[in-house]
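> Would you mind keeping the following structure in view while I ask a few things?
The values are calculated or read from the model by the stated rules, or taken from the named source; none is laboratory data. All of these numbers come straight from a predicted model, not from anything done at the bench. Ideal geometry is used to build each Cβ from the backbone, glycine not excepted, and the neighbour counts take in all protein chains shown.
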């Protein structure tokens, strides 16, 4: 079965343990121990098809998992894309957000050229690109602002990608559309579902095989509740894409603290693996409507 076939199969999702995940764990979890635990968790593949990490741990997957690697142009511009591909990942995640201060009025909050060029090269080399369009939480922004900012980024990306990339071979990872965490009018679950699917319908080509949602700073409970609402409404609308989850923070926050390093024993690793699998299965179950 091809990588793309496995990504659209069933309700399994992606677990993203990249540089953003490293920042999210803080000091309570040894990040390298977390990655090692995830890649050797025998039951994780029941809910997760692919673990996306910063560096390929070896050719091919581990414990029935596919391996993705994160392209990091901002933090490590010396990393060569062809070198990453040669290391043998099943997919490459491309993410190139721009800070608000770096974005002129009306311009997309992503480096479109980097994302399109990377996705194009990955497809040429026979590796599946996962393009992440993650719009930052601006704090008090409204539903309308969230919709407009995300829509501008997606529209601009696919306008350019349509000329240079076979979009039937790339996957998208994107925020659910929601008002900011400090908005005086927070989004309801129903509004998140409706706004998110309206956004995708306007800007994502039908040929794109799958869309995965970030947790976007939400708790696992909130992310799963909203994911269920999206999946239910998507079925009613008969959307053309396979919808899934690609959470980071929501799953990490469900993990027990671990010391890591030489102090981390088999019991610590087993506890982390159990928590990872449990949280991932909750997310997968949220899609089964």
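> Taking residue 283, is it under 18 Å from residue 204 (Cβ atoms), in contact with a helix residue (DSSP H, G or I) (Cβ under 7 Å, 6 or more places away or on another chain) and either at pLDDT 95 or above or assigned to a loop (DSSP other than H, G, I, E, B) (or both)?
No.
> Give me the residue from segment 154-183 that is assigned to a helix (DSSP H, G or I) and at pLDDT below 95 and, out of that set, farthest from residue 226 (Cα to Cα). Show your work before the answer.
Going through segment 154-183, the residues assigned to a helix (DSSP H, G or I) turn out to be 154-164, 167-169.
Applying the additional criterion that residues be at pLDDT below 95 yields 162-163.
On the way: 162: 30, 163: 34 Å.
Checked segment 154-183; the qualifying residue farthest from residue 226 (Cα to Cα) is 163.
> Have a look at 140, 201, 162 and point out the one that is free of Cβ contacts under 8 Å to residues at least 60 places away in the same chain and under 24 Å from residue 102 (Cβ atoms). Even if it seems obvious, please write down each step before you answer.
Numbers: 201 fails: under 24 Å from residue 102 (Cβ atoms); 162 fails: under 24 Å from residue 102 (Cβ atoms).
Step by step, each of 140, 201, 162 is checked, and only 140 is free of Cβ contacts under 8 Å to residues at least 60 places away in the same chain and under 24 Å from residue 102 (Cβ atoms).
> When the residues of segment 257-280 are narrowed to those that are in contact with a strand residue (DSSP E or B) (Cβ under 8 Å, 6 or more places away or on another chain) and outside any helix (DSSP H, G or I), which ends up modelled with the highest pLDDT?
Per the stated criteria, the residue is 257.
> Residue under question is residue 223, and the condition is that it be crowded, with 22+ Cβ neighbours inside 10 Å and more than 18 Å from residue 286 (Cα to Cα); does it hold?
no
> Let me ask something else. Quick test for you: out of 142, 194, pick the one residue that is under 20 Å from residue 105 (Cβ atoms) and either surrounded by fewer than 19 Cβ atoms within 10 Å (Cβ to Cβ) or modelled with pLDDT of 95 or more (or both).
Values: 194 fails: under 20 Å from residue 105 (Cβ atoms).
Result: 142 is the single residue among 142, 194 that is under 20 Å from residue 105 (Cβ atoms) and either surrounded by fewer than 19 Cβ atoms within 10 Å (Cβ to Cβ) or modelled with pLDDT of 95 or more (or both).
> Name the residues in segment 238-256 that are outside any strand (DSSP E or B) and touching a helix residue (DSSP H, G or I) at 6+ places or on another chain (Cβ under 6 Å), would you?
So in segment 238-256, the residues outside any strand (DSSP E or B) come out as 238-241, 248-256.
If the condition is that a residue be outside any strand (DSSP E or B) and touching a helix residue (DSSP H, G or I) at 6+ places or on another chain (Cβ under 6 Å), then 248, 249, 250, 251, 252, 254, 255, 256 are the ones that fit.
> Further question: Going through segment 150-172 one residue at a time, which ones are surrounded by fewer than 20 Cβ atoms within 10 Å (Cβ to Cβ) and within 21 Å of residue 16 (Cβ to Cβ)?
Passing the criteria: only 169.
> Could I ask something else about it? When segment 40-54 is examined, which residues are found to be surrounded by fewer than 19 Cβ atoms within 10 Å (Cβ to Cβ) and within 15 Å of residue 272 (Cβ to Cβ)?
Correct list: 40, 42, 43.
> Which of (1) more than 22 Å from residue 95 (Cα to Cα); (2) modelled with pLDDT of 90 or more is the odd one out, the single condition residue 33 does not satisfy?
So residue 33 meets the others, but not (2).
> Just one of the numbered conditions (1) under 30 Å from residue 145 (Cβ atoms); (2) at pLDDT below 80 is not true of residue 19; which one?
Here residue 19 meets the rest and fails (2).
> If you check residue 83 against the conditions, is it at pLDDT below 90, surrounded by fewer than 21 Cβ atoms within 10 Å (Cβ to Cβ) and either within 17 Å of the chain's Cα centre (by Cα) or assigned to a loop (DSSP other than H, G, I, E, B) (or both)? Spell out how you get there, then give the answer.
Values: at pLDDT below 90: yes; surrounded by fewer than 21 Cβ atoms within 10 Å (Cβ to Cβ): yes; either within 17 Å of the chain's Cα centre (by Cα) or assigned to a loop (DSSP other than H, G, I, E, B) (or both): no.
Spelling it out, it is not the case that residue 83 is at pLDDT below 90, surrounded by fewer than 21 Cβ atoms within 10 Å (Cβ to Cβ) and either within 17 Å of the chain's Cα centre (by Cα) or assigned to a loop (DSSP other than H, G, I, E, B) (or both).
> Quick one: count up the residues across segment 112-134 that are surrounded by 20 or more Cβ atoms within 10 Å (Cβ to Cβ) and either touching a strand residue (DSSP E or B) at 6+ places or on another chain (Cβ under 8 Å) or assigned to a strand (DSSP E or B) (or both).
11
> All but one of (1) within 21 Å of residue 6 (Cα to Cα); (2) crowded, with 21+ Cβ neighbours inside 10 Å; (3) in contact (Cβ under 8 Å) with a residue 60 or more places away in the chain hold for residue 242; state the number of the condition that does not hold.
(2)
> So which residues in segment 97-111 are modelled with pLDDT under 90 and touching a strand residue (DSSP E or B) at 6+ places or on another chain (Cβ under 8 Å), if there are any at all?
Passing the criteria: 97, 98, 109.
> While we're here: Can you give me the number of residues within segment 200-219 that are buried (at least 21 other Cβ atoms within 10 Å of the Cβ) and in a helix (DSSP H, G or I)?
Residues flagged as buried (at least 21 other Cβ atoms within 10 Å of the Cβ) and in a helix (DSSP H, G or I) within segment 200-219 amount to 1.
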